[in-house]
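Working notes for the structure below.
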Amino acid sequence: MPVHKQVAPLQQNGRILVLVAVGALGVSCVMTQLALMRELLAAFSGNEMVFGIVLGLWLLLMGIGTWLGRVSERIRAQLSILAILQILVAVLPLLQVFLLRALRNLVFIRGAAVGAGQTMAGVSFLLLPYCLPAGFALTLSCSILARREGSAGIGRAYVADSIGSIIGGIVFSFVLVRFLDHSSILLWPAFLNLGVACATGFLCGRRSLSLLASVLGAGLLALMVFADLDGISTGLQYPRQRIVARANSPYGKLVITESDGQFDFFENGLPAISTRDDQHVEEVVHYAMSQRPDARKVLLVSGGISGTAREILKYNVARVDYVELDPAILEFGRKYLPENLADSRIRIINGDGRLFIKKTLDKYDVVIIDVPAPSTALLNRFYTVEFLADVKRALVSDGVVSFSLGRYENYVSREMTRILSSARLSSNQSFRNILAIPGSRIFFLASDGPLFSDIAARIEQRGIKTRLVNHHYLDAMMTPDRMADLAHAAAQPVPLNQNFSPVLYYYYLRHWMSQFDFSFGPLQAALLLLLGFYIARLRGSALVLFASGFAASALEVVLLLAFQVLCGSVYHQVGIIVTVFMIGLALGALAANRLFNPVGDGGSVLVSPSTQENTGLRDPVSERVLPVHRMILALLACALTAYAILLPLLLPWLNRMGGSDASLLALKVLISVLTLVLAFVVGMQFPLANRVEFDGTGAGASKLYAADFVGASLGALLACTFLIPLLGVAGVCWLAAALNLLAGAMMRPL
């Protein structure tokens with residue numbers, strides 16, 4: 001008699017309730033991950049390093065939670081424990097957001113950047129209370145279903161979790177984030193999980209748990225109606241400033257403060273715009289406009305509400321096209337700074353600046369790129385060889401483009417030398433003449449026509465009045481020794497900054513890390529050795545899922561990067577790519593459950609050879625089918641290998657497609673199809689691996705979930721931070737291919 005048949009079968013309504021609980025857990029995990037990701041990026045001044053740390057630690061801690069969940073096999077009151085875990089999953093995210101906002105400036109110096117080591121410690125402390133119970137609940141649900149349905153039940157749990165993730169991702173990205181703050185958003189998965197916990201407690205006879213869930217739900221409802229949680233906690237983040245507006249836009253959390261008539265815009269915790277930053281406004285405008293003072297059409301990418309668009313009008317231009325990505329910035333700019341956008345010559349365009357330049361048929365005399373330095377892969381798109389080539393096509397024959405990078409304080413560090421050299425060399429691929437100006441930031445002017453360093457004289461010739469950018473200021477900034485030092489630093493041989501090899505972002509990452517003292521101590525060494533020991537012990541199906549988890553995360557990052565580079569940072573469309581990935585996972589798991597459903601013992605049980613040996617049970621179906629399943633699992637690993645090899649060969653071809661609406665639509669469809677195929681193959685692997693490893697309990701699922709999460713954690717962490725900038729897209733794909741090829745080769749039939 002199979003092991004699971006020794007346990008009384010779970011009632012049908014209980015089975016459905018557990019699947020609903022898994023789906024609710026999927027909803028909560030995705031919505032909590034997205035909300036906390038945005039909060040943590042704001043708290044730790046997020047770049048891709050912080051993003052990789054947060055995502056990597058989330059997946060790693062979830063993996064540890066699923067691994068710990070193997071003890072659930074020895075727990076009798078499994079449904080009661082599941083209800084308790086659902087209550088924790090419901091209420092913890094709200095508490096985490098509040099504590100993060102309240103404690104950030106108490107634990108770390110207010111306004112100071114936080115290094116990688118401190119970020120890892122802070123993120124781990126915040127995520128641990130949620131991720132461990134959530135991972136444990138996932139394994140516990142698999143254990144409950146395995147007692148009723150064998151390995152097929154675990155496969156259905158994987159599908160239910162994927163469907164919940166799809167629903168949570170869609171609702172968060174396309175509905176709630178547009179209208180609600182993070183605290184209000186997290187109330188909805190809390191109500192869902194408390195409702196399921198109440199039903200679970202009722203089913204298992206624990207009325208006290210049902211009552212607790214009901215009371216907590218009523219308490220959260222009262223908080224939603226009578227208290228402004230977001231306003232209270234946001235006030236703790238900005239204790240010395242008057243908050244005049246706050247909003248969640250699709251691109252992050254936006255807070256506007258006012259002090260003595262000065263408005264400051266903070267996006268994701270970073271100062272984005274200040275209304276009295278005359279130095280920045282004048283430098284951005286006059287360095288570029290003085291080169292072509294007779295310009296008639298000017299394109300400004302970002303920054304217009306700070307006053308740059310209005311400053312450009314001093315040159316009596318006919319039109320300024322101002323492109324801004326975030327609609328919330330435009331909305332608040334019109335409300336609080338109407339004078340900066342009121343002139344009819346300013347044409348406001350809400351959209352992605354890179355995509356606009358790729359598609360526009362207009363020709364401009366001057367293009368001013370006023371975006372932050374390329375400290376993230378998203379911003380790096382505005383500094384690549386391919387983008388500058390698109391800018392040149394949008395300029396008249398002797399037009400000028402301007403952009404700025406890091407600061408220069410009479411000393412150029414090794415990291416800054418690489419940044420300047422890569423920017424100059426990349427610009428030289430499209431423009432003959434380059435002029436670098438050491439102002440408050442280092443400004444680059446590029447053109448095929450002449451460029452002039454006597455900026456103050458040219459401004460005065462036009463009778464244009466400025467407050468700071470004048471002879472006195474420029475004489476101090478553009479001294480011969482500073483100009484020579486800057487020119488020498490920018491002439492060093494370095495790689496080009498390209499769409500799929502973002503070395504400039506990598507150099508900025510190294511520059512950012514060089515500001516902190518990150519010591520590799522005994523604790524870090526012990527954790528690294530422990531992780532290495534875990535990976536070295538992986539065998540069989542667990543190794544395959546580790547490799548596929550790594551490939552899934554790393555290659556999804558590659559596809560998201562490709563989408564942003566080729567189609568622009570259109571948030572809803574990027575959300576579609578993420579949603580398509582989750583749909584592919586669910587479809588792959590459903591296909592595996594349908595195609596490889598075992599036929600013995602009512603179609604629900606298949607006992608692995610290891611279980612036969614331990615229990616003395618013989619399963620003739622297992623002896624016949626398992627080797628085939630192992631072979632198919634190896635073939636799926638080889639399919640991922642082939643996919644990872646072909647992907648970097650396909651992306652350059654996609655990059656050559658035009659910028660018309662039809663071409664962009666085709667690109668979106670092709671990238672969506674590539675995403676779906678990747679996720680489908682990855683989704684097929686877990687149910688199949690579970691059938692290979694199934695021992696009559698949920699312990700095998702615990703091992704496989706842990707391997708999958710750990711692999712995904714490393715793939716996300718390394719791809720987001722070092723691998724793509726250092727190795728390029730092709731190097732990351734080939735690494736994923738090699739890892740899956742190794743795992744497939746070691747997965748031989750018995």
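The values are calculated or read from the model by the stated rules, or taken from the named source; none is laboratory data. All values derive from a computational prediction rather than experimental measurement. Every residue, glycine as well, gets a Cβ built from its backbone with ideal geometry; the counts of neighbours run over all protein chains shown.
Figures for the structure shown
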| item | result |
| --- | --- |
| Unique residue being crowded, with 24+ Cβ neighbours inside 10 Å and in a helix (DSSP H, G or I) when the list is LEU138, LEU128, LEU176 | LEU138 |
| Some residue of the stretch 715-727 being free of Cβ contacts under 8 Å to residues at least 24 places away in the same chain and either farther than 19 Å from VAL578 by Cβ or part of a loop (DSSP other than H, G, I, E, B) (or both) | yes |
| Selection count, the stretch 309-337, where residues are farther than 19 Å from ALA247 by Cα and surrounded by fewer than 24 Cβ atoms within 10 Å (Cβ to Cβ) | 11 |
| Check on ARG381, touching a Lys or Arg at 6+ places or on another chain (Cβ under 9 Å) and assigned to a helix (DSSP H, G or I) | yes |
| Scope the stretch 211-232; condition of a type in the set (A, V, I, L, M, F, W, C) and part of a loop (DSSP other than H, G, I, E, B); matching residues | ALA227 |
| Unique residue being among the hydroxyl-bearing types (Ser, Thr, Tyr) and either within 28 Å of the chain's Cα centre (by Cα) or surrounded by 22 or more Cβ atoms within 10 Å (Cβ to Cβ) (or both) when the list is SER548, SER453 | SER548 |
| Answer from ILE87, ILE64 - the residue that is part of a helix (DSSP H, G or I), at pLDDT 75 or above, out of contact with any strand residue (DSSP E or B) (no Cβ under 8 Å at 6 or more places or on another chain) and farther than 25 Å from VAL215 by Cβ | ILE64 |
| Verdict on ILE185 being surrounded by 16 or more Cβ atoms within 10 Å (Cβ to Cβ), in a helix (DSSP H, G or I) and among the aliphatic types (A, V, I, L, M) | yes |
| Residues within the stretch 379-400 that are surrounded by fewer than 24 Cβ atoms within 10 Å (Cβ to Cβ), in contact (Cβ under 8 Å) with a residue 60 or more places away in the chain and of a type in the set (A, V, I, L, M), tallied | 3 |
| Top-ranked residue of the stretch 1-45 - restricted to ones that are outside any helix (DSSP H, G or I) and surrounded by fewer than 24 Cβ atoms within 10 Å (Cβ to Cβ), ranked as modelled with the highest pLDDT | SER45 |
| Tally, over the stretch 233-251, of residues that are free of Cβ contacts under 8 Å to residues at least 40 places away in the same chain and part of a loop (DSSP other than H, G, I, E, B) | 3 |
| Whichever residue in the stretch 669-691 is surrounded by fewer than 17 Cβ atoms within 10 Å (Cβ to Cβ) and in contact (Cβ under 8 Å) with a residue 12 or more places away in the chain and, among such residues, is farthest from SER151 (Cα to Cα) | LEU670 |
| Hey, LYS392 closer than 19 Å to ALA295 by Cβ and either assigned to a helix (DSSP H, G or I) or modelled with pLDDT under 90 (or both) or not | yes |
| Wholly within the stretch 599-706, helices (runs of 4 or more DSSP H) carrying at least 1 residues that are at pLDDT 85 or above | 620-655, 661-693 |
| Helices (runs of 4 or more DSSP H) contained entirely in the stretch 259-360, each with at least 2 residues that are in contact (Cβ under 8 Å) with a residue 60 or more places away in the chain and within 28 Å of THR376 (Cα to Cα) | 278-289, 327-336, 353-359 |
| Residue in the stretch 695-709 that is under 22 Å from VAL50 (Cα atoms) and hydrophobic (A, V, I, L, M, F, W, C) present | yes |
| Test: residue in the stretch 339-352 that is touching a Pro at 6+ places or on another chain (Cβ under 9 Å), surrounded by fewer than 20 Cβ atoms within 10 Å (Cβ to Cβ) and farther than 23 Å from MET478 by Cβ | yes |
| Residue match in the stretch 273-284 (condition: small (Gly, Ala, Ser) and out of contact with any His (no Cβ under 9 Å at 6 or more places or on another chain)) | no |
